[in-house]
1. Under a point spin-label approximation (7 Å from Cα along Cα-to-Cβ), what is the A66-T21 distance to one decimal in nm?
2. What's the whole-number percent of alpha carbon pairs in the chain lying beyond 24 angstrom?
3. Based solely on C-alpha atoms, express the radius of gyration and the Dmax of region 184-300 in angstrom.
4. Please tell me which of these pairs span more than 23 angstrom C-alpha to C-alpha: K141/K295; K169/K190; K9/K250; K137/K288; K250/K288?
5. Computed over the Cα atoms of region 251-300, what is the convex hull's projected area averaged over all directions, in nm²?
6. Tell me, what HN-Hα J-couplings in whole Hz come from the Karplus equation 6.51 cos²θ - 1.76 cosθ + 1.60 at θ = phi - 60° for each residue of region 114-120, using x for Gly and Pro?
7. Per residue of region 128-133, in order, report the coupling 6.51 cos²θ - 1.76 cosθ + 1.60 (Karplus, θ = phi - 60°) as ³J(HN,Hα) in whole Hz, putting x for Gly and Pro.
8. Step through the residues of region 208-215 one at a time and calculate ³J(HN,Hα) from phi using the Karplus curve (6.51 cos²θ - 1.76 cosθ + 1.60, θ = phi - 60°), rounding each to whole Hz and writing x for Gly and Pro.
Amino acid sequence: MESPSTERKAVIIDGKAIAQTIRSEIADEVRVLSQNYGKVPGLAVVIVGNRKDSQSYVTMKRMACAEVGIKSFDIDLPENVLEDELINKVHELNANPDVHGILVQLPLPKHINEERVLSEISIEKDVDGFHPLNIGKLAMKGREPLFQPCTPKGCLELLTRSGISVKGKNAVVVGRSNIVGLPVSLLLLKADATVTIVHSHTSDPESVIREADIVIAAAGQAMMIKSGWIKPGAAVIDVGTNAVDDPSKKSGYRLVGDVDFQEACKVAGWITPVPGGVGPMTVAMLLKNTLDGAKRVIQQ
Ligand code: GUN
């Protein structure tokens, strides 16, 4: 008879609790900055249009600022705003000494050239780390960007704070987006992992993922990664936030990750839940980047 005790149970990495610890560390530092210099960090959060998901992310970011004492500058622009108007707003924020970080929520409406907008943000205020110069420095050996992108930085922080070493490990990143897949691959490489990226043209993703000591799932495909694809004992960081229909919920949907969590728990060594894993860390890292940007200016 199969004993249930032989079933492996992964350590669930509690991103919400880790993020809360980081937020209280940031609140302490903001208080000290305010006492010593009479100034607080400022973050401008710019949103264009009415996308429901973007609005809820932006609301979370603004509320998190208030909780730790960061002043948030709320810029809400209509869906049909002209690219030049948005860029003028970015220039205005670049010149405002009370603003230490500028975040333009993505995606932007189709008529706006995202690349142009992101390139206009001053690299000293690029708390998202999406400016081509910051990404370029992230990619190069011996160079350091002023800011690392928030979600990738949050993934690495979860590994570090869970005692999982990256050096020399096989890390597989599933997805190659500019926001997560690509920059998290670069961060893992900087941390001396052997990095493989799986994407939509990879011929046999399962066999690649099965070799991974660390899996970063950022494909945006609900429960795509099955337990049989995971190497026993691997660390699984699930960045996916996918809404699936669930008539038992009042909202009619629930959020699931890119990994089949229930089954993967029996195989993985560590795993992040969705929600409550990577999501809260993205916000915590945004606050950290804003604090670091402000310290560079205020303490100079
Ligand atoms: N859209 C989804 N994730 C992010 C993020 O981390 N930053 C910005 N600016 N937009 C996003």
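What follows is calculated from the coordinates using simple rules that are stated; it is not laboratory data. Only a predicted model underlies this, so the values are computations on that prediction, with no experimental measurement involved. Ideal geometry is used to build each Cβ from the backbone, glycine not excepted, and the neighbour counts take in all protein chains shown.
1. It works out to 2.8 nm between the two label points.
2. In whole percent, the long-distance tail amounts to 54.
3. Both quantities, over Cα of region 184-300: 16.9, 55 Å.
4. From the list (K141/K295; K169/K190; K9/K250; K137/K288; K250/K288), the Cα-Cα distance tops 23 Å for K141/K295; K9/K250; K250/K288.
5. 5.7
6. 4, 4, 5, 4, 5, 6, 7
7. With the stated coefficients, region 128-133 comes to 7, x, 9, 4, x, 5 Hz.
8. Going residue by residue, I get 6, 5, 5, 8, 7, 7, 10, 10 Hz, with x marking Gly and Pro.
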